[in-house]
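What follows is a short report on a single structure.
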Amino acid sequence: MQKSILILGACGQIGTELTLALRELYGNEQVVASDIREGTDSLMNSGPFELLDATNYEAIEDVIMYHEIEEVYLMAAMLSATAEKFPERAWNLNMNSLFNVLNLAKEKKIEKLFWPSSIAVFGPNTPKDNTPQSTIMEPSTVYGISKQSGERWCSYYYHKFGVDVRSVRYPGLISWKTLPGGGTTDYAIEIYHAALEKASYTCFLNEDVKLPMMFMDDAIRATIKLMDCNPEKISVRSSYNLAAMSFSPADISASIKKHIPNFKVSYSPDFRQGIAETWPSSIDDSKAKEDWGWESKFNLENTTVEMLKHLPSQSH
Ligand code: VAH
């Protein structure tokens, strides 16, 4: 029987690309996209769509029964910068949506579940370089606290109820198909748009803050690889560290200047600098490599080539 998949939060930065990749892999009609608002034309025109609020248990249950869904990817969340402005709304969305899908899986209405964590689970006293899979985690942001709690609940539902929930700690993700959604790492996408539009960018982080990053193609491939792997290989049921590259705003600016020599960048850090400083500089993802053969393909150079090739460029 063909797999049938539901994506919650399908119109977000990751959700959009994940939906398109899964439709490519399993067939358009097998992948139901859903969100609280409609998405890009390519998403809306390539397969079934449902307006759906991930905090509404009954509404999710109705869609799962109607479309005979077997697997759910919960991509709806409020990211780090926005969550600092609306803590209660962020907690409600990030946690109640997770409880809804964990409980549907516990009731055997979902066979397999993906839930994204983030390097935001780590905090100011976590070892910053090559951060281990298991280490001190005292996140100091609303978003990080919700991701740390979410990981604990995923592990609990797996061990207590046998729920097959799988998760990765995404670094900052860089994509050209969709705009970023209120994260601290959004600068790494905005900078490419600005370089092409006006050959200049004012960065909201300091030039030297190094953060773990990943090109979206790698993140989508890792997600699908983890969801496809034999469950016996999965030794981590909280969330896997995942890595590809680490760079600072100065590094990405230098990479862009190789292609746009007159590109000018200035730095004007805001509250997001305070968030970025609590996160690791680089991540040890050896567990994902050992357990399910993870291997990244994109570094900063080929990410810059991809971004500048695909983003609309204005003559400047
Ligand atoms: C954010 N893009 O900035 C997300 C991500 C590691 C960062 O979780 O909030």
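Structure data summary
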quantity: Number of the exception - ALA195 against (1) over 19 Å from the mean Cα position of the chain (by Cα); (2) over 19 Å from LEU22 (Cβ atoms); (3) open to solvent by 10 Å² or more (accessible area, probe 1.4 Å); calculated: (3)
quantity: Pairs, first modelled with pLDDT under 95 in segment 160-182, second within 16 Å of the ligand (Cβ to nearest atom) and not in a helix (DSSP H, G or I), C-beta under 6 Å, six or more apart; calculated: GLY181/GLY12; GLY181/LEU79; GLY182/LEU79
quantity: Matching entry among LEU205, LEU211 (being within 26 Å of PHE271 (Cα to Cα), within 14 Å of the ligand (Cβ to nearest atom) and out of contact with any strand residue (DSSP E or B) (no Cβ under 6 Å at 6 or more places or on another chain)); calculated: LEU205
quantity: Test: residue in segment 258-265 that is in contact with a strand residue (DSSP E or B) (Cβ under 7 Å, 6 or more places away or on another chain) and within 26 Å of SER146 (Cα to Cα); calculated: no
quantity: Tally of residues being within 27 Å of PRO139 (Cα to Cα), among the basic types (Lys, Arg), surrounded by fewer than 19 Cβ atoms within 10 Å (Cβ to Cβ) and in contact (Cβ under 8 Å) with a residue 24 or more places away in the chain across segment 268-316; calculated: 1
quantity: Set GLU190, GLU232: member being assigned by TED's automatic domain parsing to the domain that holds TRP115 and at pLDDT 95 or above; calculated: GLU232
quantity: Out of LEU98, LEU93, sole residue that is within 16 Å of the ligand (Cβ to nearest atom), touching a Ser or Thr at 6+ places or on another chain (Cβ under 8 Å), of a type in the set (A, V, I, L, M) and not in a strand (DSSP E or B); calculated: LEU93
quantity: Flag if THR202 is buried (at least 23 other Cβ atoms within 10 Å of the Cβ) and more than 17 Å from LEU311 (Cβ to Cβ); calculated: no
quantity: Total residues in segment 79-94, condition over 17 Å from GLU151 (Cβ atoms) and within 17 Å of the chain's Cα centre (by Cα); calculated: 2
quantity: Qualifying residue in segment 236-250 (condition: open to solvent by 50 Å² or more (accessible area, probe 1.4 Å) and in contact (Cβ under 8 Å) with a residue 24 or more places away in the chain); calculated: no
quantity: Helices (runs of 4 or more DSSP H) (entirely within segment 239-312) containing at least 2 residues that are more than 30 Å from TYR157 (Cα to Cα); calculated: 249-257, 271-276, 300-310
quantity: Unique match (being over 25 Å from GLU197 (Cα atoms) and of a type in the set (Gly, Ala, Ser)) among SER248, SER268, SER296; calculated: SER296
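Conditions tested, residue by residue: (1) open to solvent by 30 Å² or more (accessible area, probe 1.4 Å); (2) more than 14 Å from the ligand (Cβ to nearest atom); (3) in contact with a Phe, Trp or Tyr (Cβ under 6 Å, 6 or more places away or on another chain); (4) at pLDDT below 95.
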{"site": "ARG89", "(1), (2), (3), (4)": "yes, yes, no, no"}
{"site": "LEU104", "(1), (2), (3), (4)": "no, yes, no, no"}
{"site": "LYS109", "(1), (2), (3), (4)": "yes, yes, no, no"}
{"site": "PHE114", "(1), (2), (3), (4)": "no, yes, yes, no"}
{"site": "ASP129", "(1), (2), (3), (4)": "yes, yes, no, no"}
{"site": "GLY144", "(1), (2), (3), (4)": "no, no, no, no"}
{"site": "GLN148", "(1), (2), (3), (4)": "yes, no, no, no"}
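Residues are listed down the side, and each one gets a yes or a no for (1) in contact with a helix residue (DSSP H, G or I) (Cβ under 9 Å, 6 or more places away or on another chain); (2) away from the ligand (no atom under 15 Å from the Cβ):
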position	(1), (2)
SER175	yes, no
ALA195	yes, yes
ASP217	yes, yes
ARG221	yes, yes
ILE224	yes, yes
GLU232	no, yes
VAL236	yes, yes
PRO249	yes, no
VAL265	yes, yes
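The values are calculated or read from the model by the stated rules, or taken from the named source; none is laboratory data. Everything quoted here is computed from the prediction, not taken from an experiment. For neighbour counting, all protein chains shown are included, and Cβ atoms are generated from backbone atoms with ideal geometry for every residue, glycine included. To get the accessible areas, we keep the full protein, side chains included, count just its heavy atoms, and leave off ligands, DNA and RNA. Shrake-Rupley method; radii C 1.70, N 1.55, O 1.52, S 1.80 Å.
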